[in-house]
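**Student:** Shown below is the structure under consideration.
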Amino acid sequence: MSEPVDEIIPDLEQVRATEGHEVATAEPVLTVRDLDVVYEVAQPVHAVKGASLTLHRGEVLGLAGESGSGKTTLAYGLNQLHRPPARITGGSVTFHGRDGEEVDVLALEGESLRAFRWSKIAMVFQGAMNSLNPVISVKAQLEDVFTTHRPQMGAAERRRRCEELLELVGVDPGRITAFAHELSGGMRQRVMIAMALALDPELMIMDEPTTALDVVVQREILQEILRLRQELGFAVVFITHDLPMLLEISDRIAVMRRGEIVELDTAENLYFAPQHPYTRRLLGSFPSLTGSTGDFLRAGYSPEETR
Ligand SMILES: Nc1ncnc2c1ncn2[C@@H]1O[C@H](COP(=O)(O)OP(=O)(O)O)[C@@H](O)[C@H]1O
Ligand SMILES: [Mg+2]
């Protein structure tokens, strides 16, 4: 029982207007230059080709593109979460910390990489809610983040932080002793977001974080993410094949096609004046965008352009 996507758009538009998109600044938090990622298999797949982008502090950057275009591979590369046979064959990723430090992310390894990952750039995956351990309480799993990454923190402080985090993402802290199977999918995904927020990251990469949830829960969680972003000031890379959703929540959108970023612009420009034929085709492929505006979008380009 799910609503068509276009019915969620007016609400998100309201969020956009009231929560404001003025959070984004001109200050960079991550600079990606000519990033190349190759799957080194029998027939090597050049999954990310020369990707360049600058992500600003507090900004929501949407990453769009059809399945297989390289979105997940790019996201993993940003945080060195890729695994063989994937290999970064070129380019650079520079993190610009709040405190002024510059980190060459691709040069990090071992303990410093592990510490960097959770505390500076946190990640929420599509299936994240299913990666909660079924036999350990939510409380124990959340506390574990602090035990591992903030070993000097006392037990009382740890408990207080965990309760605070759950409240932040809209989960009743009274439910902290629950096990994963006792929580709904939406609640579990909120817990995963709480975990990602635990160490106050400056950037959150969210790869299809709401795709597995029904549309109403999706909307609630998106609103929550935008609110938290405003409150805590982190930047977001939000990945989904759902372009209508991205248009509502993103400051800027990068469109990927066959491993390349073919267009990167503000959500408004991308919607009203898409430059690349593939972007126009992508916009035209969503029924919710093919009203009069969709006709407008499609005007002036012929199918041949997309080949
Ligand atoms: N483990 C792998 N081995 C070989 N090719 C892969 C592997 N994982 C992904 N790919 C390929 O890399 C390309 C990009 O995939 P992916 O980043 O998952 O795209 P998206 O997230 O946009 O759907 C696709 O062509 C996919 O088939
Ligand atoms: Mg993907």
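Just so it is clear, none of the values below were taken in a lab; they were calculated from the coordinates. Note that this is a predicted model, so its numbers are computed, not measured. Neighbour counts are summed over all protein chains in view; Cβ atoms, including those assigned to glycine, are modelled from backbone coordinates with ideal geometry.
**Student:** Provide the FRET efficiency to the nearest 0.05 for the Glu220-Glu40 pair, computing r from the beta carbons and using R0 = 30 Å.
**Tutor:** Numbers: r = 41 Å, r/R0 = 1.37.
After rounding to 0.05, the efficiency reads 0.15.
**Student:** For the stretch 75-115 and the stretch 259-277, what is the separation of their Cα centres, given in Å?
**Tutor:** One Cα centre to the other: 27 Å.
**Student:** Top mean-square fluctuation among Ser112, Ser288, Ser92, Gaussian network model of the chain, C-alpha springs under 10 Å?
**Tutor:** Ser112
**Student:** Ok, one more. With unit charges on the beta carbon (Lys/Arg positive, Asp/Glu negative), name the residue among Val41, Gly58, Leu247 whose Cα is farthest towards the positive pole of the charge dipole of the chain.
**Tutor:** Working it through, the farthest residue towards the positive pole turns out to be Val41.
**Student:** What lysines does Lys139 reach when the alpha-carbon gap must be under 30 Å and sequence neighbours fewer than 8 apart in one chain are set aside?
**Tutor:** Lys120
**Student:** Looking only at Cα atoms, what is the convex hull volume of the stretch 129-200 per residue, in Å³?
**Tutor:** Values: hull volume 5.6 nm³, N = 72.
About 78 Å³ per residue, rounded to a whole number.
**Student:** Arranged from highest to lowest average of other beta-carbon atoms within 10 Å per residue, in what order do the peptides 154-165, 194-205, 96-107 appear?
**Tutor:** Working: 154-165: 15.1, 194-205: 21.1, 96-107: 12.4.
Answer by packing, highest mean first, reads 194-205, 154-165, 96-107.
**Student:** If you don't mind, another one. With unit charges on the beta carbon (Lys/Arg positive, Asp/Glu negative), name the residue among Met192, Leu228, Val145 whose Cα is farthest towards the positive pole of the charge dipole of the chain.
**Tutor:** Farthest along the dipole direction, towards plus: Val145.
**Student:** Once you have the Cα-Cα distance between Arg33 and Ala140, take 0.36 nm times their residue separation minus that, and quote the gain in nm to one decimal.
**Tutor:** Working: separation 107, 0.36 × 107 = 38.52 nm, distance 3.92 nm.
Gain on stretching Arg33 to Ala140: 34.6 nm.
**Student:** Here is a further query. If R₀ is 25 angstrom, what is the calculated FRET efficiency for the pair Asp200 and Ser285, using the beta carbon separation as r and rounding to 0.05?
**Tutor:** Step by step, r from the Cβ atoms, then E = 0.05.
**Student:** If I model a spin label at Asn269 and Ser112 as a point 7 Å from the Cα along the Cα→Cβ vector, what separation in nanometres do I get?
**Tutor:** 3.6
**Student:** For the chain, I need the span (max minus min coordinate) of the C-alpha atoms along each principal axis, in Å, sorted largest to smallest.
**Tutor:** Result for the chain: principal-axis Cα extents of 64, 44, 39 Å.
**Student:** Can you compute the FRET efficiency between Arg175 and Glu102 using 1/(1 + (r/R0)^6), with r the Cβ-Cβ distance and R0 = 41 Å? Round to the nearest 0.05. The partial results should precede the final answer.
**Tutor:** Values: r = 41 Å, r/R0 = 0.99.
E(calc), rounded to 0.05, equals 0.50.
**Student:** For the chain, give the magnitude of the charge dipole about the Cα centre (Cβ charges: +1 Lys/Arg, -1 Asp/Glu; no others), in debye to the nearest 20.
**Tutor:** Details: 30 positive and 45 negative charges, 154 e Å.
That gives a dipole near 740 debye.
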